[in-house]
Amino acid sequence: MVMPSQTALSPDAGSDAVSPTTSPVRVVSAPVVPTVELTSTPKRRSFTAKYKLRILDETDHAADTGGVSAILRREGLYSSALTDCRRARAAGTLGALQPRHRGPQKSPKNPLQAELSKANREVAALRRCGVVWIRRKPSSRSKKSGGTSGRDGADARARRQIMIATAIALPPGSGLTSAVCSALSLSRASVLRHRAVLTAPPPLRKARPPSSRALPERERDQVLHHLREPRFADQTPTEVFASLLDEGTYLCSIRTMYRILAAQGEVAERRRQRTHPVYQKPELLAEAPNQVWSWDITKLRGPVKWSYFYLYVILDIFSRRVVGWRVEHAESASQFKELFIDAMEKHEVPRDQLTLHADRGGPMKAKTTALMLVDLGVLKSHSRPHTSNDNPFSEAHFKTLKYQPEFPKNFETIEQVRIPG
């Protein structure tokens, strides 16, 4: 028997072992943080009033010259967005041109990150010079190779690198290199080779010659002129290629169209960005009975394989009391509606007092369930998506039930499941 106490629904507790906590926590709404989909750098575009007014000014000046399509492709906009901005400017609704403060917040920069990057660059430079030797995990080398393996071999290689670095640091032409190499038993050729690599100028990369099959400048201008036509302003190069091909005109390949647009800076992302909200952990506080209920549905094995009965259970998290249950052949929001209304009437729960917590299953998110809770004055709460331990009390109850020694492996009929006790 659980003594009356403050019991909080903690999502950090696992489904296998659940224990109540006593820290009073309130419900926190979940902010919506959008991210992008199918882009290399997650970033959601936002348009400020200054940006929109600048685009409108540029398109107004370019309307006579036919450069509106070039501006739309360069900025990654559709003509419909341009039309909406013009209507807002004409109507004088300045609020429509104000930026919308949403999207992911920038994380504060780590003050030690710059120092760490500088240290890594210095270590890399010393490693290239042969001064720093990174000790690797001792590897088992073959006995026949004649090399020293293990820790002694790593120490010997490190000492040799230090001696080579010392010989390289000597001024060339002083006559000391041969003497030092003889004294340290080093190969003079190795020292000279390392020194030549360090003193050699960086290699110059030759410019890639243009392809002999590349389009001449006149034909590139012709392709760009077709892509900037007003009828192709909202179409991709693939659609433009197909439309021109239907008219009997072949200019170049689709990939060449993309290259020409990229050279002019007119290839930008125009798709609608998908948002992925960040959900807060559901934290509810129960200080008395009938304040927070938790419910869930679990499967019970039927008489044959792949046949199940579905057990609906509603718990009061303050006392862990089962306030309502039923067994049906399927999961259904309408069947839960009957069970919940009956439990509300049986325990005489007043309006605007109860909070019902559940996961994100089909019956839990169904419109029938949502409308019923609104009519009864019940506040709903859901687990985070793809998080199995945000409904700990119901999950722990089902585990306790199914791990009982007398719990049957399967049930022959639904009447057998409905027998109390």
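The values are calculated or read from the model by the stated rules, or taken from the named source; none is laboratory data. A quick note: this is a predicted structure, and the numbers were derived from the prediction, not measured. Methodologically, a virtual Cβ is constructed for each residue, glycine included, from the backbone with ideal geometry; neighbour enumeration extends over all protein chains shown. Side chains included, ligands, DNA and RNA excluded: accessible areas come from the protein's heavy atoms. Shrake-Rupley method; radii C 1.70, N 1.55, O 1.52, S 1.80 Å.
Quick look at the numbers
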| quantity | calculated |
| --- | --- |
| Where a label projected 7 Å from the Cα of A262 along Cα→Cβ would reach, residues of the stretch 199-218 with amide N under 11 Å | none |
| Reciprocal mean inverse distance between Cα atoms of the stretch 213-336 - Kirkwood radius, Å | 21.2 |
| Spatial separation of Cα centroids for the stretch 363-414 and the stretch 300-353, in angstrom | 8 |
| The stretch 314-383, accessible surface, carbon-and-sulfur percent (1.4 angstrom probe) | 49 |
| Heavy-atom accessible surface of the stretch 211-267: percent carbon and sulfur, 1.4 Å | 49 |
| Qualifying trypsin sites (Lys or Arg not before Pro) for the stretch 331-421 [loop in DSSP, other Cβ within 10 Å: at most 16] | R351, R360, K409 |
| Accessible area per residue, Å², the stretch 193-290 with all protein chains present, probe 1.4 Å | 73 |
| Cα→Cβ-extended label distance, 7 Å offset, between S185 and R231, nm | 8.5 |
| Contour excess over end-to-end distance, with Cα ends at E415 and E239 and 0.36 nm allotted per residue | 57.1 nm |
| Two-site label geometry, R320 and L376: point separation in nm, points 7 Å out along Cα→Cβ | 2.4 |
| Pairwise Cα inverse-distance average, inverted: Kirkwood Rh of the stretch 281-401 (Å) | 14.7 |
| Neighbourhood net charge (13 Å Cβ-Cβ; Lys/Arg +1, Asp/Glu -1) for C85 | +1 |
